[in-house]
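The values are calculated or read from the model by the stated rules, or taken from the named source; none is laboratory data. In this text the structure is predicted, and so the values were computed from the model without any measurement. Note: ideal-geometry Cβ built from the backbone for every residue, glycine included; neighbour counts use all protein chains shown.
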Amino acid sequence: MSRMKQLHDLVSGLRQLAGDLEAVAEMIGDGFSMSADDPPVPTITLEQVRSALSDKSLAGHNDKVRVLLKKHGAARLSEIDPERYPALLADAEAIQ
């Protein structure tokens with residue numbers, strides 16, 4: 001694995017960790033109480049989606065990334081409704 005790829009993977013992992021920590025901090029700050037009936041819904045950030053799409057683009061899937069953006073109603077990531085981030089992220093992670 002090249003050094004650049006390792007650094008890119010490290011940065012992607014740190015971004016994911018930052019997003020997860022932010023979600024935990026919000027839950028604690030809001031006095032979130034978890035019940036067995038209501039599993040927590042993770043908050044997906046623009047940065048997480050951008051990182052995932054960037055990873056796919058760097059892996060040579062630019063055309064598939066463009067198709068996903070169109071599928072979710074935009075030509076650019078900045079035009080995507082944040083409510084669509086979870087579905088877009090799931091679609092991006094499914095790209096092989």
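Taken over region 9-55, residues that are farther than 15 Å from residue 85 by Cβ and either among the basic types (Lys, Arg) or modelled with pLDDT of 85 or more (or both) amount to 1.
A search for C-beta distances below 7 Å between a residue of region 14-30 that is basic (Lys, Arg) and any residue that is modelled with pLDDT of 80 or more and in a helix (DSSP H, G or I), counting only pairs 6+ apart in sequence or on different chains, returns 15/47; 15/48; 15/51. As a summary of the residue check, residue 75 satisfies the conditions (1) surrounded by 10 or more Cβ atoms within 10 Å (Cβ to Cβ); (2) modelled with pLDDT under 90; (3) assigned to a loop (DSSP other than H, G, I, E, B) except for the one numbered (2).
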